[in-house]
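Worksheet: one structure, shown below.
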Amino acid sequence: MLRLLKELIAINSENPPGCEAEVAKVLVDHMSDYGISHESIGHSDRPNLLFFSHEGETGPLVLHGHMDTVPVGPLENWTHDPFGGEIVNGKIYGRGSCDMKGALAALAETLVLYIEEGHDSPLVILNTSDEESGCSGAEEVARSGRLHGVRYGVCAEPTSLEVLVSEKGMFWSRVVARGKAAHGSRPSEGINAIQLCMRALDILTTAEYPFEDDATLGTYSLNIGKIKGGIKINVVPDYCEAQIDMRTVKGQTPESLQQYMNQLLYKAGFGDRVRIEYIHGKPAVITPLDSEIVNVAIDTVEAITGRQCIPSCATYGTDCSVLQPKIGIQNVICGPGSIEQAHQPNEFLSLDEFYKSVDVYLSIARRIAK
């Protein structure tokens, strides 16, 4: 396991630009050594891999993770080589160690052990591309129909081996303000698009948006992530835009939120000067607390870690946002490593959790197979 993880960390699979093919090759070669078959879905440069315990057969459960990572960022922020896989005090360092090449190695080991145990029920491992920039790999898998009929999934994102049963959705939007240019010394002759945008943002960020209560999802959040406008200090700007990241909950969809925001701006008297444009969106997903996969995952984690497990929500996005609504797979999210390490300089993974995660996944697979 550790050798495979070090190999995976050594590969630069930053997204963007997206270069998962070498990660895929290492995984395919590793599994081939154990006689494990695979299928590839999508473009060869950015493949999505399916590994099978039973030649090409799907069963009730898929364990899944992604092969891409976020960029390393400035090297001066790292004390450990981001591609070195250095081990210090029981932790392995490197980009993707936590999010989520450690999980990929753990899932591979889980499948090897599951096959050795000789279970009748098929188990499938899915490794996707492009999770970090929109889950397009999971979209390709959903379109292929290859996992139709699979009932349950375990997404191996880093949760410190806690069990998450829901995931907030996402609505990314653009606030576009159009004014009228004029000389900076005569602002009364123009319409300042930056000021329009600022007023609109004040309305949008202080508004209350309708949603439905859910015990695990909680409430929505909203963040202004980017703003740009103007061409020169002495010109009244005729254009400004801001980008808003909204994490959504039950009862909210990108379509309903876009419509609601535009209505707020229209009622505030902006007319056609300011509009909300759609960038990207995914629905919130919830697995019922009485689902078999939730009960099995909680019982398993409690037995192996000795901790009480209280189901909670992922505030970040995962492939579950595609696999759940588009295929019908009920997912839990459970993996080694802390989400606080994901996307950070000096990212690391506890080796104890890394090894323990195999016990968790194998136990879940055994129980679902019965």
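The values are calculated or read from the model by the stated rules, or taken from the named source; none is laboratory data. Computed from a prediction, not measured in an experiment: that's the story for all the values here. Quick reminder, even Gly has a Cβ in these numbers, built from the backbone with ideal geometry, and neighbours come from all protein chains shown.
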Applying the selection to the range 324-370, what residues are closer than 25 Å to E140 by Cα and polar (S, T, N, Q)? Q324, Q330, N331
Is one or more of the residues making up the range 152-161 touching a residue at least 60 places away in the same chain (Cβ under 8 Å), in a loop (DSSP other than H, G, I, E, B), surrounded by fewer than 21 Cβ atoms within 10 Å (Cβ to Cβ) and touching a helix residue (DSSP H, G or I) at 6+ places or on another chain (Cβ under 8 Å)? yes
Reported set for the range 184-229 where residues are among the basic types (K, R) and either touching a Phe, Trp or Tyr at 6+ places or on another chain (Cβ under 6 Å) or under 20 Å from Y266 (Cα atoms) (or both) is R199
Residue among L164, L196, L204 that is within 16 Å of the chain's Cα centre (by Cα) and not hydroxyl-bearing (S, T, Y): L164
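Can you tell which of G149, G94, G102 is in contact (Cβ under 8 Å) with a residue 24 or more places away in the chain, farther than 18 Å from T318 by Cα and surrounded by 21 or more Cβ atoms within 10 Å (Cβ to Cβ)? Give the derivation first.
Details: G149 fails: surrounded by 21 or more Cβ atoms within 10 Å (Cβ to Cβ); G102 fails: farther than 18 Å from T318 by Cα.
G94 is the lone residue from the list that is in contact (Cβ under 8 Å) with a residue 24 or more places away in the chain, farther than 18 Å from T318 by Cα and surrounded by 21 or more Cβ atoms within 10 Å (Cβ to Cβ).
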Looking at the range 21-59 only, could you name the residues that are within 22 Å of S136 (Cβ to Cβ), assigned to a strand (DSSP E or B) and either in contact (Cβ under 8 Å) with a residue 24 or more places away in the chain or not assigned by TED's automatic domain parsing to the domain that holds V322 (or both)? E39, I41, N48, L49, L50, F51
Would you call Q344 of a type in the set (S, T, N, Q), over 19 Å from L289 (Cβ atoms) and without any contact (Cβ under 8 Å) to a residue 40 or more places away in the chain? yes
Please note which strands (runs of 3 or more DSSP E) are completely contained in the range 248-363 and include at least 1 residues that are outside the structural domain of A156 (by TED's automatic domain parsing). 274-282
Of all residues in the range 323-361, which are of a type outside the set (G, A, S) and within 27 Å of S144 (Cα to Cα)? L323, Q324, P325, K326, I327, I329, Q330, N331, V332, I333, C334, Y361
Using beta carbons and a limit of 9 Å, which pairs, at least six apart or on different chains, have the first residue in the range 210-222 and touching a residue at least 24 places away in the same chain (Cβ under 8 Å) and at negative phi and the second one outside any loop (DSSP other than H, G, I, E, B) and surrounded by fewer than 18 Cβ atoms within 10 Å (Cβ to Cβ)? P210/S256; P210/Y260; T216/S312; S221/D245; L222/T205; L222/D245
Can you pull out every residue in the range 267-289 that is of a type in the set (K, R) and modelled with pLDDT of 95 or more? K267, R273, R275
Within the range 239-260, residues in contact with a helix residue (DSSP H, G or I) (Cβ under 6 Å, 6 or more places away or on another chain) and either modelled with pLDDT under 95 or buried (at least 19 other Cβ atoms within 10 Å of the Cβ) (or both) come out as C240, A242
Can you name the number of the only condition in (1) at pLDDT 95 or above; (2) among the hydrophobic types (A, V, I, L, M, F, W, C); (3) touching a strand residue (DSSP E or B) at 6+ places or on another chain (Cβ under 8 Å) that V360 fails? (3)
Just to verify a result, which residue in the range 163-191, among those that are surrounded by 21 or more Cβ atoms within 10 Å (Cβ to Cβ) and of a type in the set (V, I, T), is farthest from F211 (Cα to Cα)? V163
E347 passes all but one of the listed conditions (1) surrounded by fewer than 17 Cβ atoms within 10 Å (Cβ to Cβ); (2) modelled with pLDDT of 95 or more; (3) among the acidic types (D, E); the exception is number (1)
Conditions (1) touching a residue at least 24 places away in the same chain (Cβ under 8 Å); (2) of a type in the set (A, V, I, L, M); (3) farther than 25 Å from P254 by Cβ; (4) not in a helix (DSSP H, G or I) -> I231 fails only (1)
